[in-house]
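The structure appears below as structure tokens.
All of the numbers you see were taken from the coordinates with simple rules; none came from a lab. Computed from a prediction, not measured in an experiment: that's the story for all the values here. Quick reminder, even Gly has a Cβ in these numbers, built from the backbone with ideal geometry, and neighbours come from all protein chains shown.
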Amino acid sequence: MPSINASKVIWFNGQLVPWEQATVHVMTHALHYGSSVFEGIRAYATPRGPALFRIQPHIRRLFDSARIYRMELPFTAEQLTEACGMVVRENGLSDAYLRPLVWRGYGVLGVMPIDAPVEVMVAAVTWGAYLGAEGLERGVDVQVSSWNRVASNTLPAMSKAGGNYLSSQLIVMEAVRNGYVEGIALDVNGQLSEGSGENLFIIRDGVIYTPPATAALLPGITRDAVMTIARHLGYEVREQALPREVLYLADEIFFTGTAAEVTPVRSVDRLTIGSGTRGPITTHIQRTFFGLFDGSTEDRWSWLTHV
Ligand code: PPE
């Protein structure tokens, strides 16, 4: 992973502050107990300037994530949407990765969080290909993780909460230690779930499969976009429970995520998938997805918001 590309300003509790001054106290509740929720949003360079990709569903999911943990945001969705545009503009970025974060701040010691203040920030940085530029083109090597995803009666996967990413860290550290780029986790019932920071798609005989929201995954906004694009292109998309072994029988596999975009998988557990490079359907979907930003794909779903 590359180190952070610092930008100039961060939107911090309602104001733009210099990057270096966007700091919190070490007794911040979230630092001790994982009590934060966040988003990852991309702004893409387009012929008409930078545009946020699917800002509304991202802001909505941020509020949904917070609601599950009974965190009341001291800002409205409109204010946070405006903050997202502002950090791209004020930092002079043509493309960016935005990180809105909501957390329980400084105020109380002890697990019971209700009296800790809720704080909000939005940062924007430049961030290239999450799983490598070569990965986007040729595919990445992955393993099935020995770690299962969280169960929904333990930690709710539909909340994009900081604490959930302890599970993700175990999955990706194990994968990298073993010489892979990423891990795919099963849920506690042994069904396919997702990667540490990406959703999963599997193609066989021209049909596109993806695990359902009940498989302990974050229902990704890129996942939704890719399902919409695939159906628009005429492919059949099935959201259904999938056993591990379909990975080994797949013609093509790819990951989706805001950071990962559409990244092909070229091997699982050292078994080559398809021809061992980006497959034809993955290429078609990936080209259509990236085409939204250079204008070669019409933005028929109004997914772009120019800042
Ligand atoms: N599952 C998980 C666990 C996940 O973290 C992400 C996004 C997704 C699925 C895809 O969701 P979406 O971005 O809405 O399509 N992971 C974010 C954080 C990655 C990170 O390392 O930080 C992201 O891609 O922004």
- Of the residues in segment 22-53, those that are outside any strand (DSSP E or B) and either in contact with a strand residue (DSSP E or B) (Cβ under 8 Å, 6 or more places away or on another chain) or among the hydroxyl-bearing types (Ser, Thr, Tyr) (or both) come to Ala22, Thr23, Val24, Thr28, His29, Ala30, Tyr33, Gly34, Ser35, Glu39, Gly40, Arg48
- Conditions (1) under 23 Å from Arg60 (Cα atoms); (2) within 13 Å of the ligand (Cβ to nearest atom); (3) of a type outside the set (S, T, N, Q) -> Val172 fails only (1)
- Evaluate the following for Asn153: is it in a loop (DSSP other than H, G, I, E, B) and closer than 23 Å to Ala241 by Cα? yes
- Item | Residue count, segment 15-58 (criterion: within 14 Å of the ligand (Cβ to nearest atom), closer than 22 Å to Gly163 by Cα and either aliphatic (A, V, I, L, M) or without any contact (Cβ under 8 Å) to a residue 24 or more places away in the chain (or both)) | 2
- Item | Pro100 being over 14 Å from Glu119 (Cβ atoms) and assigned to a strand (DSSP E or B) | no
- When you scan segment 232-251, how many residues do you find that are assigned to a helix (DSSP H, G or I) and either within 16 Å of the ligand (Cβ to nearest atom) or exposed (fewer than 12 other Cβ atoms within 10 Å of the Cβ) (or both)? 1
- Message: Just to check your reading of the model, which residue among Ile208, Ile229 is in a strand (DSSP E or B) and either aromatic (Phe, Trp, Tyr) or more than 9 Å from the ligand (Cβ to nearest atom) (or both)?
- Response: Ile208
- When segment 211-224 is examined, which residues are found to be in contact with a His (Cβ under 7 Å, 6 or more places away or on another chain) and more than 11 Å from the ligand (Cβ to nearest atom)? none
